[in-house]
Amino acid sequence: MLEFHDFLIPRRVMAKGYDHHELEAKWQAYWEEHRPFRAMNDSSKPKFYCLDMFPYPSGSGLHVGHLEGYTATDIVSRYKRMKGFNVLHPMGWDAFGLPAEQYAVKTGVHPALTTAQNIATFKRQMKRVGLSYDWERELSTTDPDYYRWTQWIFLQLYKRGLAYVAEVPVNWCPALGTVLANEEIVDGKSEVGGFDVIRKPMRQWVLKITAYADRLLEDLKLVEWPASTLEMQKNWIGRSIGAEVDFALADAKGAIRVFTTRPDTLFGATYMVLAPEHPLVDVVTGAAQKAAVTAYREAAARKSDLQRQELDKEKTGVFTGGYAINPVNGERLPVWLADYVLMSYGTGAIMAVPAHDERDWAFAKTYQLPIREVIQGGHVQEAAFVETDRGTVVNSALQDGSLSLNGMKPAEAIPAITAWLEQKGTGKKAINYKLRDWLFARQRYWGEPFPIVHCPACNSPVPLPESALPLVLPEAQDFKPKIFVPQQTESGHRGTTGTVDVMEVFDAPLARVVSQDVKRLWRETTCPRCNQAAQRETNTMPQWAGSCWYYLRFADPKNAKQLVDPAMERYWMPVDLYVGGSEHAVLHLLYSRFWHKVLYDIGVVSTPEPFKKLVHQGIVLGEDNQKMSKSRGNVVNPDDMMDQFGADAVRLYEMFMGPLEAMKPWSSRGVEGVTRFLDRVWRLMVTEDGGLSSSVVTAAPSVEQQRLLHQTIKKVSEDIDELRFNTAIAQMMVFTNEMTKADQRPRALLEPFVLLLSPFAPHVAEELWAILGHAPSVSQQTWPVYDPALTVSDRLTIPVQINGKLRGKIEVAADTARDVVERTARETVAEWLQGSEPKKVIYVEKKLVNFVI
RNA sequence: GCGCGAGUGGCGGAAUCGGCAGACGCACAGGACUUAAAAUCCUGGGUCAGCGAUGGCGUGCGGGUUCAAUUCCCGCCUCGCGCACCA
């Protein structure tokens, strides 16, 4: 019996046109069984490789941000299949990584177990969304059958001298117990967890990415990537062209070599600066300055990188007492020490030209060093004049007349002086890069082991033979790294003060692993070269390793003999469309490109670049327009959304929110909106009890209806090609709104429309296709083709303007001659013309008439 | 500071080879159906003035080019992203 309050409580039971739970389960089961999304290896069809950046399977499952990119590529993949392409649309797992290991440290649960569970969750959610992946090609970076090839690539790098061990200052994160790459540090803290990071010299594996700097820069011309991403890669590589110049020491043997991009200002050098760590510091320092120099060097060493990078701070330095000789004019220049010069860039030493460099200018002002103008055009006593393109060289000639740059533009002076230096043997043209070699080792358990042993007898790292691969990650029981676990400080930041002396000696987890079969340390082994006792490398590879080449393995995921079969590689590569977050704009993409070029050089791959077209999906914000986060409580869970609205509605809303690449807020109301749209589509052809509606007729559509259909086919096709899914959906809404008004709905319109809808809302489309009386699957139908003649109207509405202001509109036949259009227009705006003749009449065919009076 | 990108109704957004600004959706208002509601369907709307026909003003701000500017040019402002003493 109904109570009064039953009438007051709003029912959340939606009067939906269809039961999305039932319908999605039905079609997902069908796809599971019939596998219509498999990529064929032997096909005469043209290929299309459509790839998502594979995820790290975190414990929190998919979020709506993931889904945006995945839905976009899914629509493209489904569309391309219907257009006759053999589509490769795979998914895998970037499953090595720190979170699972940290979870293991906390709970003792093995990372492999956590990872497997998380993968299962991700996969279940992806299937629930109806993503049309070829699951037969699924891979995980943690699978020995996969990482044996990651190790294999490392061996190739090693063989070619591109992997080497070096004692380098590294970014050590005590809280994480590992080193981090420069790129993994944000504002002096670890990107993961936000812990303090300090500099510490360590023996490390390093990859020589700098050997490929030029090609990594040059080949950016070959790809269709967002301008911002290309720009970021260029900046990261940071090529600058200039000269290396030697300044002989005045009172000692040797010379200070500097790198400069402005050799045209050589006559303006008034002092030199060495980085505090520069090896020549002891040589140039005079006895009187020894104490001050030592104090300065120690102070600099104590500063963390963060402190040294503080920009606004006053520049500091100390005079060494030594002098160097300017090679152009023989002047004695005082040599200073200052931490604004970095040991890690160029030669770690500069010639200072305060008149034409802002940093040198600030330093010269602080220490009252002379400022000498050599490029005319500014006021060098007030500020450094750095605009090379408007200025003329002055004060730059030798008395004997053997060299003069005076009167030249800097652009002319640079090659002139460089040639002079080369002739004198005191300098040469040089190119420098900001890019540094890639620190490739981590002191972690959950990563790929290095296929390397350290042999005391051979006195070098010895690579394992390829036949020994994979070197399987050994079982471990204790994941706790032996690390100093810092206390929470008052400021809320965990970590150290940045000094090295609080450090213990830290062992990587693999150093302590005991092999279960033989009850000895896993690291104890024999040298594959000399058979003497040797030690395995106990570092593991960084997470980037596995993601550097996974796109290749999808082309041939089960191959036990090769990384990828050459025929498969040639057929599928390159990736035609690659979609993923812009947070990977530099690192992942640069590292991948580097490995790809190495593989290209050894003949494993046939293309110089792996990813032809790249698109970054935008960030999805919470309903409050803030970044989604647990602490804000504004996280939208895809499972909840799909429970309530269904997978098709969620897919459609993800695409309808706005342009793919834009940052945009989630709106539950918006999801309801697209849900209404799907219900309207449903009701166009289905009755309340699920049968085919009697309004669906076989009669021929009207010309207007056909025009709308063909305009819709055109718009939807072109918009998918351009990844403009939001406007494609808007057009389908227009079509649906029109069809709703008609009570006779010709099949000839509805059937192509269902095909257009199918990449966006595949479950509903499959069901509608079946209700219309067709055998499955809609995904295997041919994409509708539009007739261009049917997309244009035979009647036109032409706006009529007076002086550019809209004053009227006329409707004419599309083929109306100009004079007729003009005459009609004049009649329409006669009261504005007031009988006088316009000064000018502008007629844009089929677009507009404008009278200038 | 430098580089890149973006600023359009109450909201998400559409329209840029210069040519009717605001498609589509959300929210809102009115109507139909209903005892009533929900759902659905129809209608309306940038803003100001006016009963209305109409007209003025409108795409961050200020200039410019043009018959015509959201679109192109110059100078600012704001926001986002990236880099940040790289010689």
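The values are calculated or read from the model by the stated rules, or taken from the named source; none is laboratory data. Here the structure is a predicted model, which means the values were calculated and not measured. Note: ideal-geometry Cβ built from the backbone for every residue, glycine included; neighbour counts use all protein chains shown. The area values use the complete protein model at the heavy-atom level, side chains included, leaving out ligands, DNA and RNA. Shrake-Rupley method; radii C 1.70, N 1.55, O 1.52, S 1.80 Å.
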What FRET efficiency comes out for the pair A:THR698/A:ASP143, r = Cβ-Cβ distance, R0 = 45 Å, nearest 0.05?
0.25
Taking placed amide H atoms and a strict 5 Å upper bound, the residues 5 or more places from A:ARG257 or on another chain that come that close are A:PHE247
Between A:ALA748 and A:GLU831, what's the calculated FRET efficiency when r is the beta-carbon distance and R0 is 41 Å? Round to 0.05.
0.30
Taking R0 as 30 Å, what's the FRET efficiency between A:GLU298 and A:TYR164 from their Cβ-Cβ distance, rounded to 0.05?
0.50
How big is D, in µm² s⁻¹, for the range A:693-774 by Stokes-Einstein at 37 °C and 0.692 mPa s if Rh is the Kirkwood radius over C-alpha pairs?
253 µm²/s
Work through the residues other than A:PRO46 whose Cβ is under 13 Å from its Cβ and net out their charges, Lys, Arg +1 and Asp, Glu -1.
+4
For chain A, find the longest principal axis of its Cα atoms and tell me its angle to the long axis of helix A:725-741, 0 to 90°, nearest 10.
10 degrees
For the range A:750-853, calculate the relative contact order in percent as a whole number, restricting contacts to Cα pairs under 8 Å that are 6 or more residues apart.
21 percent
Cross-link reach list, lysines versus A:LYS741, counting only Cα pairs under 18 Å and skipping chain neighbours closer than eight places:
none
Considering only chain A, what is the antiparallel percent among its DSSP beta bridges, to the nearest 5?
75 percent
Yeah, the range A:612-740 with a ≥ b ≥ c from its alpha-carbon gyration tensor (a/c under 1.5 is rounded, else prolate when a/b outruns b/c, oblate otherwise) is oblate
How much net charge surrounds A:GLY618 when only other residues with a Cβ under 10 Å from its Cβ are counted (Lys, Arg +1; Asp, Glu -1)?
-1
In vacuo Debye sum over C-alpha of the range A:67-173, base-10 log of normalised intensity I(q)/I(0) at q = 0.21 Å⁻¹, listed in q order, is -1.13
Within the range A:558-592, which residues have the backbone N less than 13 Å from the label spot 7 Å out from A:GLU191 along Cα→beta-carbon, could you tell me?
A:581-592
Counting Lys and Arg as +1 and Asp and Glu as -1, each charge on the Cβ, what is the dipole of chain A about the Cα centre in debye, to the nearest 20?
940 debye
Express the carbon and sulfur contribution to the solvent-accessible surface of chain A as a percent, rounded to the nearest whole number, probe 1.4 angstrom.
52 percent
Hey, how many Å between the Cα centroid of the range A:559-633 and the Cα centroid of the range A:204-248?
19 Å
Principal semi-axes in Å for chain A [√(5λ), Cα gyration tensor, largest first]:
59, 42, 25
Quick one: helix A:703-721 against the long Cα principal axis of chain A, what's the angle to the nearest 10°, folded into 0 to 90?
20 degrees
Nearest 10 degrees is fine. How inclined is helix A:818-828 to the longest principal axis of chain A, computing both from alpha carbons?
80 degrees
Give, in nm to one decimal, the length gained when the segment between A:THR392 and A:LYS805 is fully stretched (0.36 nm per residue of separation minus the Cα-Cα distance).
143.6 nm
When the range A:701-835 is reduced to its Cα atoms, the Kirkwood hydrodynamic radius in Å:
17.5 Å
Scalar couplings 3J(HN,Hα) for the range A:399-411 by Karplus 6.51 cos²θ - 1.76 cosθ + 1.60 (θ = phi - 60°), nearest whole Hz, x for Gly and Pro, are 5, 6, x, 6, 8, 8, 9, 4, x, 7, 7, x, 4
Computed ³J(HN,Hα) along the range A:326-335: with the Karplus parameters 6.51/-1.76/1.60, θ = phi - 60°, integer Hz and x for glycine or proline, the list is 5, x, 7, 10, x, 5, 7, 10, x, 9
Listed by chain and number, the residues whose amide H is under 5 Å from that of A:ASP339, excluding neighbours fewer than 5 places away on the same chain and using placed H, are A:THR316
Can you compute the modelled spin-label distance between A:SER58 and A:SER668, with each label point 7 Å from Cα toward Cβ, in nm?
2.2 nm
Within the range A:124-219, report the trypsin sites (Lys or Arg not before Pro) that DSSP leaves as loop and that have at most 13 other Cβ atoms within 10 Å.
A:ARG160
So if I take the centroid of the Cα atoms in the range A:663-680 and the same for the range A:717-756, what is the distance between those two points in Å?
17 Å
From the phi of every residue in the range A:767-781, what ³J(HN,Hα) in whole Hz does the Karplus formula 6.51 cos²θ - 1.76 cosθ + 1.60 yield, where θ is phi - 60° and glycine or proline is x?
5, 5, 4, 5, 5, 6, x, 9, 6, x, 10, 4, 5, 9, 7
Chain A: calculated mean residue ellipticity at 222 nm from DSSP helix runs of at least 4, using -39500 (n - 2.57)
-10000 deg cm²/dmol
What does the charge add up to near A:SER693, with Lys and Arg as +1, Asp and Glu as -1, over the other residues with Cβ less than 12 Å from its Cβ?
0
Links exceeding 25 Å between C-alpha atoms in this model, out of A:LYS123/A:LYS561; A:LYS83/A:LYS561; A:LYS26/A:LYS47; A:LYS200/A:LYS630; A:LYS189/A:LYS434; A:LYS189/A:LYS630, come to A:LYS123/A:LYS561; A:LYS83/A:LYS561; A:LYS26/A:LYS47; A:LYS200/A:LYS630
Over chain A, what is the mean sequence separation of C-alpha contacts under 8 Å (at least six apart), divided by residue count, expressed as relative contact order in percent?
14 percent
Roughly how many nanometres apart are two label points built 7 Å out from the Cα toward the Cβ at A:ARG203 and A:SER240?
3.6 nm
Could you list which residues have their amide H under 5 Å from that of A:TRP93, counting only those 5 or more apart in sequence or on another chain, with H placed in the peptide plane?
A:LEU139, A:SER140, A:THR141
Percentage relative contact order, the range A:626-673, counting C-alpha pairs under 8 Å, at least six apart
29 percent
For the range A:381-431, Rg(Cα) over 2.2 N^0.38 Å is 1.27
